[in-house]
Amino acid sequence: MSEVKVDTISERTAANGVAVDGVTIKDSGLTIPSGGTLTVASGATIDASAGTATGFGGDNTPSWFVKLSTDFSCTTGSFHKVEFDTEVWDTDAAYDSTTNYRFTVPVGAGGKYLVTGGVRWPTTSANKAYYISFFKNGSEVLFGAYRFYSTNAAPVFTNTAILDLAASDYCEMYVVQNQGSTASLNSSYAYFSGFKLAGV
């Protein structure tokens, strides 16, 4: 086995760097070839306190936030999937805002997701129940109920859940109201949002 000992290795052509077994060393950084791995030995530390570290620990995506373009009508006593048709953001183009009105987990993006939604109903009579329910793959997994005890006011309420979702699983938001007649969600207050949790 041969060993080369030098004090300095300089690039032959400015800005081209120096290649060592496929690893390129330049003034601007160190480049590992595609398929390669940078291994940090046990006991070693990566210290980015004097610089910027990117790409570590995830960034809470996929993420989406959708709302209604118009008020959404719901008959009394029945589950209604809310057809959120306006995307405020959708980082991975994973929310369908035109046909199925649901978020589908992209390939490679399975994990735990925080999902939340909110609605506002019109003025109602006393002692009526309202629900926000989250569905996973077409089945209810969590619902939140609200019973209104006053009159002449528009109830607003929200629901939040953490769902374990695998690739191709989909999530939707449903509502139920039992005020005895058809009611419409106010588009200015209705939303459905979520993001993948990092580190769990």
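Residues whose amide H comes within less than 5 Å of that of residue 124, counting only those at least five positions distant or on another chain, are 152, 153 (H built at 1.01 Å from N in the peptide plane). Computed about the Cα centre, the dipole magnitude for the stretch 1-98 is approximately 260 debye when only Lys and Arg (+1) and Asp and Glu (-1) carry charge, each at its Cβ. Ordered by the number of other Cβ atoms lying within 10 Å of each residue's own Cβ, fewest first, 25, 132 fall into the sequence 25, 132. Residues 147, 120, 12, 102 in ascending order of nearby Cβ atoms (within 10 Å, fewest first): 12, 147, 120, 102.
Summarised in one figure, the compactness ratio Rg/Rh of the stretch 87-200, Cα atoms and Kirkwood Rh, is 1.02. With neighbour counts taken as other beta-carbon atoms within 10 Å, the residues 143, 79, 103 rank, fewest first, as 79, 143, 103. Relative to the Cα centre, the charge distribution of the stretch 91-200, modelled as +1 at Lys and Arg Cβ and -1 at Asp and Glu Cβ, gives a dipole magnitude of about 320 debye. Positive end of the dipole of the chain (Cβ unit charges, origin at the Cα centre): among 100, 8, 139, the Cα lying farthest that way belongs to 139.
Karplus-based coupling profile of the stretch 14-28, in residue order and whole Hz: 3, 6, 7, x, 10, 9, 10, 6, x, 8, 9, 10, 10, 4, 7, with θ = phi - 60° in 6.51 cos²θ - 1.76 cosθ + 1.60 and x standing for Gly or Pro. Candidate values (i) 126; (ii) 117; (iii) 210 were compared with volume of the Cα convex hull per residue in Å³ computed on the shown model; the agreeing label is (iii).
Pairs of Lys residues in the chain that lie 8 or more places apart, or on two chains, and have C-alpha atoms under 17 angstrom apart add up to 5.
Here, each number is a calculation from the coordinates, and none is a lab measurement. This one's a predicted model, so the numbers in the text were calculated from it and none came from an experiment. Note: ideal-geometry Cβ built from the backbone for every residue, glycine included; neighbour counts use all protein chains shown.
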